[in-house]
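A.B. asks: One structure coming up, written as structure tokens, with questions to follow.
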Amino acid sequence: MKKEKNRFDSWKFPEIEEAKPTKYNWIVQNKEGLKLGYKSDIGAFTYINAKNGVIIEDFVQLGSHCSVYTVSTIDNKEGSIHLKENSKIGSHSTIMPNVTIGKNSIIGAHSLVLSDIPDNVVAFGVPAKVIRSIDA
């Protein structure tokens with residue numbers, strides 16, 4: 001029987017240049033403010049503005065076409081963003097300033113996250129709301 005290869009077996013920290021697409025086609029502005037965890041997975045066409053600090057812990061998955069804003073020009077809010085270990089953010093989601101997404105939590109696709117999401121829950125919507133707990 002052939003052993004299935006884990007797609008993260010050969011994972012390496014990506015090369016990130018200021019405001020230029022990585023080889024995986026995602027972009028970071030203010031790259032000095034980004035702390036990227038081990039075996040994190042960021043989908044194509046995602047935009048991260050790390051001016052006020054973005055922490056993406058180990059094993060986080062951030063889907064394609066997401067937007068992560070530490071600065072909002074709409075309401076002038078600013079603040080850091082923290083995606084805790086093993087959290088998963090569905091594609092096309094937007095995370096606004098001053099948000100922490102808890103360990104193991106899942107954010108459904110196309111969600112707008114305006115406030116903190118606790119550990120071990122499923123949340124989605126516009127704005128994102130906790131829908132249920134995840135049993136350990």
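A.B. asks: Of all residues being assigned to a strand (DSSP E or B) and within 12 Å of the chain's Cα centre (by Cα) in the range 103-127, which is surrounded by the fewest Cβ atoms within 10 Å (Cβ to Cβ)? Just the residue, please.
C.D. replies: Out of the qualifying residues, it is I106.
A.B. asks: Please verify whether the range 57-69 includes one or more residues that are over 17 Å from I107 (Cβ atoms) and out of contact with any Asp or Glu (no Cβ under 6 Å at 6 or more places or on another chain).
C.D. replies: Checked the range 57-69: no residue is over 17 Å from I107 (Cβ atoms) and out of contact with any Asp or Glu (no Cβ under 6 Å at 6 or more places or on another chain).
A.B. asks: Right, another one. How many residues does the range 29-40 contain that are in contact (Cβ under 8 Å) with a residue 24 or more places away in the chain and assigned to a strand (DSSP E or B)?
C.D. replies: Selection size over the range 29-40: 0.
A.B. asks: Which ones in the range 99-115 are in contact with a His (Cβ under 9 Å, 6 or more places away or on another chain) and closer than 19 Å to V71 by Cα?
C.D. replies: V99, T100, I101, S111
A.B. asks: Given the residues T73, T100, which is the only one that is of a type in the set (S, T, Y), farther than 20 Å from W26 by Cα and assigned to a loop (DSSP other than H, G, I, E, B)?
C.D. replies: Checking each option against the conditions leaves just T73.
A.B. asks: Kindly indicate whether S93 is touching a Cys at 6+ places or on another chain (Cβ under 9 Å) and modelled with pLDDT of 95 or more.
C.D. replies: Yes, satisfied.
A.B. asks: For the range 53-60, state whether one or more residues are under 22 Å from D116 (Cβ atoms), of a type outside the set (D, E), touching a residue at least 40 places away in the same chain (Cβ under 8 Å) and assigned to a loop (DSSP other than H, G, I, E, B).
C.D. replies: Looking through the range 53-60, none of the residues is under 22 Å from D116 (Cβ atoms), of a type outside the set (D, E), touching a residue at least 40 places away in the same chain (Cβ under 8 Å) and assigned to a loop (DSSP other than H, G, I, E, B).
The values are calculated or read from the model by the stated rules, or taken from the named source; none is laboratory data. Just so it is clear, the model here is predicted, and its values are computed rather than measured. Every residue, glycine among them, receives a Cβ derived from its backbone with ideal geometry; neighbour counts consider all protein chains shown.
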